[in-house]
Every structure is written in C-alpha cells, then in structure tokens.
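Notes follow once the structure below has been shown.
The values are calculated or read from the model by the stated rules, or taken from the named source; none is laboratory data. None of the values given here were measured: they were computed from a predicted structure. A quick note on method: Cβ atoms are made from the backbone with ideal geometry, for glycine too, and the neighbour counts reach across all protein chains shown. With ligands, DNA and RNA removed, areas are computed over all heavy atoms of the protein, side chains included. Shrake-Rupley method; radii C 1.70, N 1.55, O 1.52, S 1.80 Å.
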Amino acid sequence: MKPIVNILIGLVAIVLLGAMMLTNPDYNSAVRPFVTSVKPGESGETRLISGRFENWRSADRIQFSRYGTEITRDTDGIFLVADFVLSGTRESTMLSATWVGASKRRYRATSRIADVPGQIDQLWLQPGMNSKTFAIFELPPDEIEGGSALLSLRLDPPLDGTLLLAPPDSPPAHEAILRLGP
C-alpha cells in the first residue's frame, strides 16, 4: 500500500509542475509595459508621462519649410497628423509614437518629415509643464478609423508604462495639402 501512495504523490507532483510550466508567462510577457488606455477627450497618466489626444487631421500631401526651402511630401497611403498635449510627471523624458490601426497593426511615426518644430520625436517632456506636440503617420486609409495612438518612452519602453490614447470621436478633417509650421 505504501508504494502505491508514494507513486500517486509523485504523479500528482508531476502534474502540478507540468501545469505550472504551461501557465508560467514567457519572458516577453513578463517585461511587457503597463498600458494605460485613455478614452477620447480624457487625460491619462503613467509613472513618467501624462497627456491627452487633442485633435487629428489627414492629408494626401504635407508641405513644410526646412531651412528656407519648401518641401512637399506625398505618400501611397494617407498622412495622419495627431495632436497631443503632454507633460512629464517625475523627470525629463522623450517619447516615441506608434499608431495602432484598426487591424491592430502598428505604424511608427514617419521619419520622412523631419525638422518641423513641435514634432514629438524632438520634444523633451518636462515635469509639470504642458507641451503641445504632434506625430505624423503614413497609413493605409482603412487603418485610421478605429485606431489609437500609443505613446511610450523612447529609450526603454518595455520597462515603463505607455499611454494608449483614443482619438476624438469625430473623423479627422481631410485636406489635399496640409501645411505644417510657419
């Protein structure tokens, strides 16, 4: 009788250890950032950043001036310009912006349009100081409606919180050519 009890205890231990191994989160899940979802028109806050989605507009082309030269960019999709009001909460930091489309695909802010004052990739957020900024995305038209802006720390996003900001309820205003800057 005693050997049967020992075998049963061993089998139960093996089943429990196997169940623990199958339900244990993998490394990617264990270091995933905390995502704070923010509804349209509301403000959200993580440990280092706070902000809200202010406005959005779309365009077929974007025009801006760089060092006195007029530049016009076009895209095979649509440019989406998302406006934010952001601030740091504890220390100075820089952010990166990603658009999470309706299909849940992720689009990084474009780097083809640079040196326009106020872009999010050039902004240092300071604690207690509100900063108006914007991010420009190149997207397929069907990824705009139903999408959200994901703002995360530029240097070490997996180790801190991110803001998932829902856009305004109204559709973005569309222009053929959108002029940025002065």
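How big is the stretch 119-168 on each of its three principal axes, counting only the C-alpha atoms and giving the largest first in Å?
36, 25, 19
First select every other residue whose beta carbon is under 12 angstrom from the beta carbon of E54; then total the charges, Lys and Arg +1, Asp and Glu -1.
On the way: positive: R52, R57, K132; negative: E42, D83.
My count for the surroundings of E54 gives +1.
Taking the stretch 96-182, which GluC sites (Glu not before Pro) meet the DSSP loop condition and have no more than 13 other C-beta atoms within 10 Å? Before the final figure, lay out the partial values.
Details: sites: E138, E143, E145, E175; in loops: E145.
Those satisfying the criteria are E145.
Looking only at trypsin sites (Lys or Arg not before Pro) in DSSP loops with at most 16 other Cβ atoms within 10 Å, what is the longest site-free stretch of the chain?
Working: sites that count: R47, R90, K104, R105, R112, R154.
The answer is 1-46.
Which percent, to the nearest 5, of DSSP beta bridges fully inside the chain are antiparallel?
So the antiparallel bridges in the chain amount to around 75 percent.
Could you tell me what % of all Cα pairs in the chain have separations over 22 Å?
53
In the chain, with Lys and Arg counted as +1 and Asp and Glu as -1 at Cβ, which of these residues, G77, L180, T110, has the Cα nearest the positive end of the dipole, that is, farthest along it?
So the residue we want is T110.
Working from Cα positions, state the angle (0 to 90°, nearest 10) between the long axis of helix 2-23 and the longest principal axis of the chain.
Orientation of helix 2-23: about 0 degrees from the principal axis.
May I have the convex hull volume per residue, in Å³, for the Cα set of the stretch 2-110?
Details: hull volume 22.5 nm³, N = 109.
Here the figure is 206 Å³ per residue.
What part of the accessible area of the stretch 32-180, given as a whole %, is carbon or sulfur when the probe is 1.4 angstrom?
Values: 3790 of 7710 Å².
Using a 1.4 Å probe with all protein chains present, the stretch 32-180 comes out at 49 percent carbon and sulfur.
Tell me the per residue accessible area of the chain using a 1.4 Å probe; a whole number in Å² is fine. Intermediate results must be reported in sequence, preceding the final value.
Values: 10870 Å² over 182 residues.
Result: 60 Å² of accessible area for each residue.
Which cross-chain or sequence-distant (5 or more) residues have an amide H under 5 Å from the amide H of T162, H modelled 1.01 Å from N in plane?
F34, V35, T36
If you keep only loop residues by DSSP, which chymotrypsin sites (Phe, Trp or Tyr not before Pro) in the stretch 55-142 have at most 15 other Cβ atoms within 10 Å of their Cβ? The partial results should precede the final answer.
Working: sites: W56, F64, Y67, F79, F84, W99, Y107, W124, F134, F137; in loops: Y67.
Hits after loop and neighbour filter: Y67.
What percent do you get for the relative contact order of the chain when only Cα pairs under 8 Å and 6+ apart count? Don't skip to the answer; put the middle values down first.
On the way: 384 pairs, mean separation 54.6, N = 182.
RCO, the chain: 30 percent.
Mind putting a number on the dipole of the stretch 32-180 about its Cα centre? Charges go on the C-beta only, +1 for Lys and Arg and -1 for Asp and Glu, and I need it in Debye to the nearest 20. Display every interim value, and only then the final one.
Working: 17 positive and 19 negative charges, 66 e Å.
The dipole magnitude comes to about 320 debye.
Restricting to DSSP loop positions (anything but H, G, I, E, B) with no more than 14 other Cβ atoms inside 10 Å of their own Cβ, which GluC sites (Glu not before Pro) remain in the stretch 48-132? Intermediate results must be reported in sequence, preceding the final value.
Numbers: sites: E54, E70, E91; in loops: E91.
Those that pass, being in a loop and sparsely packed, are E91.
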